[in-house]
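First up is the structure itself, then whatever we jot down about it.
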Amino acid sequence: MVQAPSGNARSGHIDLVLRTMREDDLPQLLAIEDESFQTPWTAEAFRQELQTPGAWARVAADGEGHLIGYLVCRLLFDVWHVLDLAVSPTYRGCGVARLLLEELLHVAASSGDDVTLEVPPAECGRACAVPRPGLRGARTPPRILPMNAGRCVDHDAGHCAAKWGRA
């Protein structure tokens with residue numbers, strides 16, 4: 001459950017459902033993606049991730065099925081790489097990205113894997129590492145290759161440019 005911003009048509013508490021991303025989510029995903037990034041992913045990029053072994057893609061939806069945010073990541077060896085993370089502008093700052101990331105951190109911790117999220121500074125106003133019980137936080141390298149850069153838009157999450165690993 002998250003608190004919608006005051007003055008929002010959907011103000012008050014919102015029950016969220018976190019579930020696996022599906023291809024029929026693409027129209028809503030692309031709308032959030034277009035509002036969130038200067039160089040948004042295409043429908044084909046999302047389709048590729050949905051079919052890639054080791055990929056893990058989740059969405060956050062309200063009780064009516066409207067998508068509010070999403071997370072796309074991939075397991076490479078023993079590290080989960082967050083590739084795309086965005087929240088609808090209406091719900092930024094409500095903790096939606098935090099819920100998505102906490103679900104990923106739970107999955108990673110259960111298998112003993114690390115999680116990384118690398119973000120170009122222009123795409124995240126507050127880059128920091130948030131320690132979690134049993135995890136250590138560290139800044140990402142200053143040089144990020146564009147093809148491998150993860151993206152984050154929900155500055156409330158406080159998880160931008162972070163790496164989490166086993167303590």
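Derivation of every value follows stated rules applied to the coordinates shown; laboratory data play no part. Nothing here was measured: the structure is a model prediction, and the numbers come from that model. Note: ideal-geometry Cβ built from the backbone for every residue, glycine included; neighbour counts use all protein chains shown.
Is the C-alpha gyration tensor of the range 72-113 telling us rounded, prolate or oblate? Criteria: a/c under 1.5 is rounded; beyond that, a/b larger than b/c is prolate, otherwise oblate.
On the way: a/c = 5.23, a/b = 1.96, b/c = 2.67.
Note, shape of the range 72-113 comes out oblate.
Give me the distance in nm between label points sitting 7 Å out from Cα along the Cα-to-Cβ direction at LEU50 and SER111, one decimal.
Distance between the two pseudo-spin positions: 2.1 nm.
Of the trypsin sites (Lys or Arg not before Pro) in the range 7-77, which ones lie in a loop per DSSP and count no more than 16 other C-beta atoms within 10 Å?
On the way: sites: ARG10, ARG19, ARG22, ARG47, ARG58, ARG74; in loops: ARG10, ARG22.
Loop-located and lightly packed - ARG10, ARG22.
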